[in-house]
């Protein structure tokens, strides 16, 4: 019998459609690896990207992870910030920045195939850029995400990379998550994510990994089959604090979760998004409880189904797998 | 220079990325027509679907449009409604219904290719089912939508059809839209959709069609390239009132808008969703202003880009076309 489950943070309902329940092998294989074309992200072709913003080097001075501006940026760091209205509409100049994090000098496609130390360097590069971008008072939020594979918007060049977009506005989805967490905190004086971690560890049925102070789990009301969230057990609203806290544990569990998805599901396309608190400068009042109520984490969403059309318009998701089953499959996958 | 635009109803920001601006021919052709397999929706194969719920017949007694239950329903009309909590989680039994509207007895794939009278019959079938489903006190909302083409979740059988899902809960996206409209009404005592229609008709640059009391336009802050909204000029919160008001005008403009998209963009996959007010029984207080503040309409979203990965996680959209340009292309397309 299908079931409706409510995401406790956002309040979005999801149909868990067990009538159409699927096992890992039932998903059609979606091609995720484009042909290797002339790749501007490989070692030795550094002049083909815009000038480097930041890099992490090995002891020989060769880069391991490299951050460059996007060649076709969505947002421009040199623009002047203006805002205006027109009738019922609001408009802002697209000030901000759009950067590419090149995750390895080798032509490797999936970050899941990189060593743990590279994954650690990628997280560290994010941290450094978050802190730097946060110094600009016009920037409200930095979104770190990856599109892997053609069907996840990963583009034609198969070289492991992710993106950082710094925006002059708060993003709707982020705001909703913050407000959901705040409203739970106002009622209970506890962080909802900490409560979820406790609940999940005590139930156990949706846990994929529980190692080194980091938990990977299938959420109670996932939007997508085999969706996985990776959360640090230690409470912190800000992603960039992982650098000083537990970057090794996070890198290890994050990489393992990605590799389990790759192995179990035949290297599917996926997205991941780092969920973190916004910079607090402009709204100290409104986000006064954010230190206690929000908890950063990473959400990984494999793109296994194309049956996702009307969800855009309705905010109503249909997930063809039982979360407890997918968690079991993932937990049992050896990596 | 890219621009950030805010959807005035939902408050969601969209980057209009003119740096990557695209013209209609720049979009790769995405296959939307699956091969004709044994089609259970064609005339003469009525026994292959579950028993008919409703149909509209011609004067010879042959069906023109037919509504049947889904063979693999997401929601079940015969289930008992229960709700329960478990730790921080909420759960509901999946009571409701899931129906298929077969839009023609011929094996025609795209509703855009049907005659205006068939499109009118499809809208009328929706109306009849809305009214009937609304009699069930457990049902809060009916979602009418279409997935056309493989990449829009349209499945393998290329026979024109759409879906009706009746749910025991209010959908998140619907609620947000209602709340956005209510908050605008509370401030201005005017319907935001009526204001948008007035603004658009006076600016003119985003209008695709303005005929028979119905407007088709590209929204100010679209999520997708060539997104089109179809709105009746006459204010009404409830879609099903179109039956008594202006079903002919709506069918004509809706069909023309779909055909323009087909002709201009080489028959792309698309979704459409009917946006209408929920049944008001359970919340007369909360939705007390809904008669004045909400305005039903249809949103059509072609699926031209796969670059839509991280939007799921961020609620932040990047649209690679300028709305004023796409409106011009669509307005100039002869159908």
Computed over chain B, Kirkwood Rh from alpha-carbon pairs, angstrom: 20.9 Å
Cβ-vector label at 7 Å, residue B:38, separations to other copies in nm: 5.2
Candidates A:217, A:209, A:81: whichever shows maximal mean-square fluctuation once chain A is modelled as a Gaussian network with Cα springs under 10 Å: A:81
Shape of the range B:59-139, Cα gyration tensor, a/c cut at 1.5: prolate
Nm distances between copies for residue A:248, ranked from closest, using label points 7 Å along Cα→Cβ: 7.8
FRET efficiency estimate (nearest 0.05) - Cβ-Cβ, residue B:86 to residue A:335, R0 45 angstrom: 0.90
GNM flexibility winner over chain B from B:221, B:125, B:94 (Cα, springs under 10 Å): B:94
Equivalent ellipsoid semi-axes - Cα gyration tensor, the range B:187-335, angstrom: 26, 19, 15
Space enclosed by the convex hull of the alpha-carbon atoms of the protein assembly as shown, per residue, Å³: 154 Å³
Computed [θ] at 222 nm, helices only, for chain B once each DSSP H run of length n ≥ 4 contributes -39500 (n - 2.57): -7500 deg cm²/dmol
Label spacing, shortest first and in nm, from residue A:107 to its equivalents in the remaining copies (7 angstrom along Cα→Cβ): 4.4
Simple spin-label estimate for residue A:62 and residue B:188 in nanometres, 7 Å along Cα-Cβ: 6.1 nm
Taking chain A and dividing mean pair separation by its residue count, relative contact order in percent (alpha carbons under 8 Å, at least six apart): 23 percent
Inter-probe distance in nm under a simple model that places probes 7 Å from Cα toward Cβ, at residue B:199 and residue A:199: 3.9 nm
Distance in nm between pseudo-label sites at residue B:72 and residue B:292 (7 Å out along the Cβ direction from Cα): 4.8 nm
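The numbers here are math on the coordinates, done by the rules we state, and not lab data. Keep in mind that what you see is a predicted model, and the values were worked out from it rather than measured. A quick note on method: Cβ atoms are made from the backbone with ideal geometry, for glycine too, and the neighbour counts reach across all protein chains shown.
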